[in-house]
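We did not get these values from a lab; they are worked out from the coordinates using the rules stated. For clarity, every value in this text was computed on a predicted model and none was experimentally measured. All Cβ positions, glycine included, derive from the backbone under ideal geometry; neighbour counts span all protein chains shown.
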Amino acid sequence: MTLKAMQELARVDTPDSGVLLDGMVLPDGGRLSMGELMCSRVEAEIGFRFDRDLVGARVTARDVRNAVTEVMLALEVIDTRFEDWRIGLVDSIVDNASSARVVTGPAVAFAPGWDLAAERVGVSVDGVPVAEGPDQVRASRTLVRMF
């Protein structure tokens with residue numbers, strides 16, 4: 001819930017996060033059983049792999065950037081128990097931030113100078129573009145080709 005548009009959709013005024021467990025991670029090309037979900041949607045994200053845990057109140061943006069070793073495209077499958085996505089912050093916390101599944105592409109080595117905010121991602125369904133640009137999480141053409 002870091003995108004302002006998603007916060008407005010969910011009527012949440014602050015970012016929150018959920019937990020993805022091993023059983024929620026699908027391999028590239030894996031199959032998702034829609035019968036396991038209630039009201040799913042898909043969001044394009046950038047996944048990060050860290051080489052160490054980041055703990056405590058004094059973790060800086062530089063600490064985070066320096067801990068990232070790889071990035072990957074990720075399709076986050078979100079799902080909710082709440083009708084019509086009418087959900088507030090407390091509901092989102094109880095609902096594990098609507099976290100349901102994630103599919104990741106191959107990892108790419110991350111260079112600390114890489115400006116991911118300047119990159120873009122496009123989402124296609126059966127070869128037809130359905131979303132692109134600043135309202136989507138951004139990723140480079142290199143990452144997009146991996147999916």
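Within the shell defined by Cβ-Cβ distances under 13 Å, the residues around S17 carry a net charge of -4, with Lys and Arg each +1 and Asp and Glu each -1.
Remark: the Cα gyration tensor places region 43-115 in the oblate category, a/c being 1.5 or greater and a/b not exceeding b/c. Each other residue within a Cβ distance under 11 Å of D79 adds +1 if Lys or Arg and -1 if Asp or Glu, for a net charge of 0.
Is region 1-105 best put as rounded, prolate or oblate by its Cα gyration tensor, with a ≥ b ≥ c the root eigenvalues, rounded for a/c under 1.5, and otherwise prolate when a/b is larger than b/c, oblate when not? Since a/c reaches 1.5 but b/c is at least a/b, the shape of region 1-105 is classed as oblate. Please label the shape of region 29-75 as rounded, prolate or oblate, based on the square roots a ≥ b ≥ c of the eigenvalues of the alpha-carbon gyration tensor (a/c under 1.5 means rounded; beyond that, a/b larger than b/c means prolate, else oblate). Verdict is prolate for region 29-75. In plain terms, the chain from A131 to F50 could stretch by 26.3 nm, reckoned as 0.36 nm per residue minus the Cα-Cα distance.
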